[in-house]
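Below is one structure, written out as structure tokens, with a few remarks after it.
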Amino acid sequence: MSTRLSKGGRLINRSKPVEFSFDGKRLNGYEGDTLASALLANNQTLVGRSFKYHRPRGIVASGPEEPNALVGLGKGDKFEPNQRATTTELFDGLHSNSQNAWPSLEFDIGGVNRIMSRVFPAGFYYKTFIFPRFAWKHIFEPIIRKAAGLGAAPTEKDADKYEYFYAHVDVLIIGGGTSGLAAALEVGRSGAKVLVLEQKNTWGGRAPVDGVFIDNQISEEWIDDAITELQSMPNVTLKNRTMGAGVYDHGWATGYESITDHMPGKKGPRQRLWRIRAKRILTTTGAIERPLSFAGNDLPGVMLAGSVRDYLVDFGTSCGDIMVLATNNDDAYRTAIKQSEVGLKVAAILDARTSVTGELPNKAREMGIRVETGMAISKVKGSKSVSGVSICLQAGEGVPLEEIKCDVVAMSGGWSPIVHLWSHCGGKLNWDAENAMFRPDPERPPLGDDGSGFVAVGGTANGYMIANEAMQDAISQGKLVAKQVGYKPVNSKSSIVNVENESPIEQIWQMPQGMSVKLQAKTFLDYQNDVKVSDVRLAAREGYESVEHTKRYTTLGMATDQGKLSNINGLAILADSLKAEIPNVGTTTFRPPYHPISMGSIAGDARGELFKPIRKSPIHNWIEENGGFFEPVADWRRPYCYQKNNETVKDSVQREILNTRSNVGLLDASTLGKIIVKGSDAGKFLDMIYTNLMSNLKVGHCRYGLMCTENGFLSDDGVVARLDENTFLCHTTSGGSDRIHAWMEEWLQTEWWDWKVYTANVTEQYAQIAVVGPNARKLLEKLGGMDVSKEALPFMRFSEGTIGGIRARPFRISFSGELSYEIAVPASDGQAFWDMCIEAGKEFGIQPYGTECLHVMRAEKGFIMIGDETDGTVIPQDLNMEWALSKKKEDFLGKRAHLRSHMSDPSRWKLVGLKTVDPNVVIPDGAYATDGTIRENGVKNMIGRVTSTYFSPTLNRSIAMGLVKFGPNRMGEIIDFPTLEGKIIKAEICNQVFLDPEGERQNV
Amino acid sequence: MLHLTCPNCGITADETDLHCDGQAHIARSGIDANDDELENYLFMRHNPKGVHFERWRHVYGCGKWFNAARCTTTLEVFGTYSAQTTTPPKSLLNKIKKKRPEWEGFIK
């Protein structure tokens, strides 16, 4: 059983006990523990159930590569699923729960999947998708959804705060082990600006665990000295608890800093996402130990040898009293030696190699440890935890020779350099057969904007497994990157690491090498996704040759650990099955982040109101306080209507329409785009931008215009006013102001850059208030200040002056068909002007109105709306707007495109009005017209569609506009609009202008 | 996250501050264009594996357009220059040719 030893544990503080809970059990640990070390100290070896088969699983590793020990952390709005116990720092009151077990971890019903494992082979999902189809949806999916999975999603909104932090440095060093520190010293001493990230709370990596000496000091002293020196350098920043998460193009990298995860209740953000731009990135990320593939290698109590050593040295925690060590390399012997040194037992070391003569094995032998060479584990015994192993010859098929009792199995299949960050942005790898690993190819680095490599790798991560070689490599890489960023490395004595010699590793990919099919089905490669040796071999037999395909077929390496433990083992098995060399099978793609990061940190501050800030007109607050029922219009919020008392939205809209048509209404039109176009070529420019002729517009006059894309399709519309000889004010739609301004700039900067034109988007400089209705003039005359009579200010003109003491520019333009003034005032005077109108307008029956009233009134007049009558495929001709296409102009944007044959096809759908036969029935939005025939593909033949449809209170009937094939030639005909409910609405094709076709209401 | 130096304001900006708008140096086909010319102008674009000339706009910066010469595979940036040219500058073309002797040269 695993337990806390009476002595030892360099990271824990035995004077600071900490209480925490796991599955409701109250347990004790120490400050400095991880959740994993504390669970082991409490003999909690069973920590979860596996994803697919619900097999009991225990802690395997001691770092972020851990596949099994995923827990739900926290409660309520602090709950987070799938957190690794091995990277979670313990704190008082920590609340954790196991996952994927029901009704309990000890007794799990889903374990039935385990018995069923023969019906869940590789590619199960794909095979089930195919046949029979109904079975997937109705039988398999509901069962699998319930049984398979990891943690549950949180149900409450995340209560924590997150933020971004930006850093620009010469050199970013990722990994604060001895290699990272040695490299940082070189770069720091040269004077370059350097940022060092370390994912753990402690510096120095695993050197102290291995007990190495650096410059004849114990490594911890050397690490302390290095940190002290680095902290004294103003050009060096050290960040622990910050994982280098991803490396991206051109030297961009992200860091994931944990700020208050281990100190809940402390003020401040929980996590910080570092967004770093570095001239060079040096990764010194070390290596990850590989499991060995033997039957039963997923039982709780089977652990990585290096991790068992970590728990002993770092946390004073034993993973078991009696150990069996299985290995193919010398390094793992350190674990057995350590186990023995602390007074625990090592029953046997099973070394798959036949000849073992290194310094470490000999030391183990001298200590009296039984070392068996050429031997392997045939099978691990036990149900929920290890009770022993049966051993066999590595060269054989797994016939058991002997059973050895033990309660922990330490395994080591060698170490894989952590090359993720090197590979994220395209760094390539070489297979080093002698050392059985993929290592970075310095000839093929990720390239920066200058075409040179911007990532370097140092130390163990670069494939140097002997500590002193790693140190020397890190030092030289540090010097190299310092030079590359323009600094001169300082000559200093290189640190030397004193460490035992190691004899070579042997490639062992399954244990024993001739393992039977039965054993293969009990030998796990990917613990988190339950992928076995038999699954990969099956995939190979079924024809999967590419590692990328095999990965997706078997789900190998697709879990949240991204195959940190399983990928190399899996592709070695695949290579063996295909009788191919490992480098020819290749690796899958490494993608950021290195380790899962929270969605909160990615979002940062961009949540809630800050996710997409809204634009507010100067009248926004008044609207909010006066019953405005907001709808989003681009980034603005505009009132759909103003609700009074207990009115429904529909009632409000009808009241606003009738009041505006009979008295006077007030509309906040400030969101309309307003672009100044100025210069001696402004007229010539607008002649290109608009389909209409604009250059002949007289000063003081207004003209409605259309804009098309080069493809000929309608893009925007609005009224242009000529302010003076060289200055035009172009109104755009509310949603189009930024887009149209950018459009104009694009043409001016990239095509007609010699034209003398400036543009300025002044949308927010003005409040624009529309005073609309028969009493509009009376109201403005009451406010006084300028002549707004028909004679002084006729329709489609504007003038400038003051109204009610406020500087104003009234435009006589109308989108409602009523007598209408749109009055632009400085934005800062907008609210005062609005208040004045409301107050003075009382006697004239003034009421504010919203966007729906605006829409209905414009539809009553047959005016088009960009986005309703247009959808990016509609040309002006479709809307019978040939009158707006200048014949005098040689060219305008879209003109050539209009000449294409299908643009002048008479069968194009064209705009008409639609009157329902039953005046009380309103055609649904987007309804299609059909002609009763059926197309070849079985759908009804469509001959048109509705673009705008409303109930008009003015006419007391339903009105609509739509695009209909040959529409204008079919006036008076009745066509069908089928509804989703299966009914048919009949409507008569008519003129689109329903109200006042002569314009008598507006031209007064 | 690419970074490019805007030749208009001199700032080296992150990709998120910029907007890429595809191939540069497309000559506008006016009203006289025949159907093939119009199709070429509106729709047909180079898609090289290697050296490419692109239009970029420094949207969240000075707002100005510029052109960039970039390798679509290695992401090496050979240079950025004014959008107000009909062909890339000679010096830039020479620089690219020197780095990539096998490159077939600028094709309009």
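Tabulated data for the structure shown
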| quantity | calculated |
| --- | --- |
| Only Lys, Arg (+1) and Asp, Glu (-1) charged, at Cβ; the range A:303-398 dipole about Cα centre in debye | 280 debye |
| Total formal charge among the other residues, if their Cβ is under 10 angstrom from that of residue A:767, Lys/Arg +1 and Asp/Glu -1 | -3 |
| Span-like helix ranges in chain A, DSSP H, alpha carbon extent 24 angstrom or more, Kyte mean at least -0.5 | A:467-484 |
| Residue A:221 paired with residue A:696, simple spin-label distance in nm, labels 7 Å along Cα-to-beta-carbon | 9.6 nm |
| When each of A:483/B:98; A:684/A:887; A:75/A:564 is checked by Cα-Cα distance, pairs over 27 Å | A:75/A:564 |
| Sites residue A:710 and residue A:868, calculated FRET efficiency, Cβ-Cβ separation with R0 22 Å, nearest 0.05 | 0.45 |
| Neighbour cut-off at most 11 other Cβ (10 Å), DSSP loop, GluC sites (Glu not before Pro), the range A:491-542 | none |
| Cβ neighbours within 10 Å from other chains - mean over A:896-902 | 4 |
| For the range A:282-359 and the range A:793-854, distance of Cα centres in Å | 83 Å |
| Summed side-chain charge close to residue A:903 - residues other than residue A:903 whose Cβ falls under 11 Å, Lys, Arg +1, Asp, Glu -1 | +2 |
| Beta bridge orientation in the protein assembly as shown: antiparallel %, DSSP, nearest 5 | 75 percent |
| For the protein assembly as shown, calculated [θ]222 nm from helices alone, where every DSSP H run of n ≥ 4 adds -39500 (n - 2.57) | -6000 deg cm²/dmol |
| Among A:402-413, A:676-687, the order from most to least packed when residues are scored by Cβ within 10 Å on average | A:402-413, A:676-687 |
| Loop GluC sites (Glu not before Pro), the range A:718-800 (other Cβ atoms within 10 Å of the site Cβ: 11 or fewer; DSSP) | A:725, A:791 |
| The range A:79-95-the range A:219-259 distance, computed between alpha-carbon centres (Å) | 23 Å |
| Spin-label model distance (nm) - residue A:399 vs residue A:432, 7 Å beyond Cα toward Cβ | 3.9 nm |
| DSSP-assigned coil residues among chymotrypsin sites (Phe, Trp or Tyr not before Pro) in the range A:784-868, each with at most 16 further Cβ atoms within 10 Å | A:795 |
| For residues of A:449-457, the mean tally of beta carbons on other chains within 10 Å | 3 |
| Linear extension gain, residue A:545 paired with residue A:615, 0.36 nm per residue minus alpha-carbon span | 19.7 nm |
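We did not get these values from a lab; they are worked out from the coordinates using the rules stated. The structure displayed is predicted, hence computed values, not measured ones. For neighbour counting, all protein chains shown are included, and Cβ atoms are generated from backbone atoms with ideal geometry for every residue, glycine included.
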